[in-house]
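Enquirer: First, the structure itself, so that you have it in front of you.
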Amino acid sequence: MQPYPAPDDESAATGIGRSVRNDVQWVKMDLDPRPAGEVMIRYEYRASLVRLGIIPRDYPRPNTLDRRERAQGFEPKYCPVP
């Protein structure tokens with residue numbers, strides 16, 4: 001069985017098992033009571049994100065205008081004669 005390699009400081013990790021000291025400083029700030037901006041984050045299923053145009057479709061969007069322009073209507077072989 002191979003032992004696990006020692007963690008290096010270049011990898012993301014939680015730091016469990018090590019002692020870390022982070023000094024804290026208090027800073028007095030004159031904050032504006034109103035936010036400069038707001039962000040709303042919502043979670044959606046993939047199908048909804050595709051419909052909203054956020055994620056591209058896996059297939060090209062049908063060209064409905066072209067299909068309409070090429071339409072021939074009913075041909076006699078597709079529509080029975082009354």
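Every read-out reported here was derived from the displayed coordinates using simple, explicitly stated rules and does not represent laboratory data. This one's a predicted model, so the numbers in the text were calculated from it and none came from an experiment.
Enquirer: On a full-extension model of 0.36 nm per residue, what is the gain between residue 52 and residue 20, subtracting their alpha-carbon distance, rounded to one decimal in nm? Could the numbers behind the result be given before it?
Expert: On the way: separation 32, 0.36 × 32 = 11.52 nm, distance 4.51 nm.
Going from the current span to full extension adds 7.0 nm.
Enquirer: Please give the length that would be gained between residue 39 and residue 67 if that part of the chain were fully extended, namely 0.36 nm times their separation in residues minus their C-alpha to C-alpha distance (nm, one decimal).
Expert: 6.0 nm
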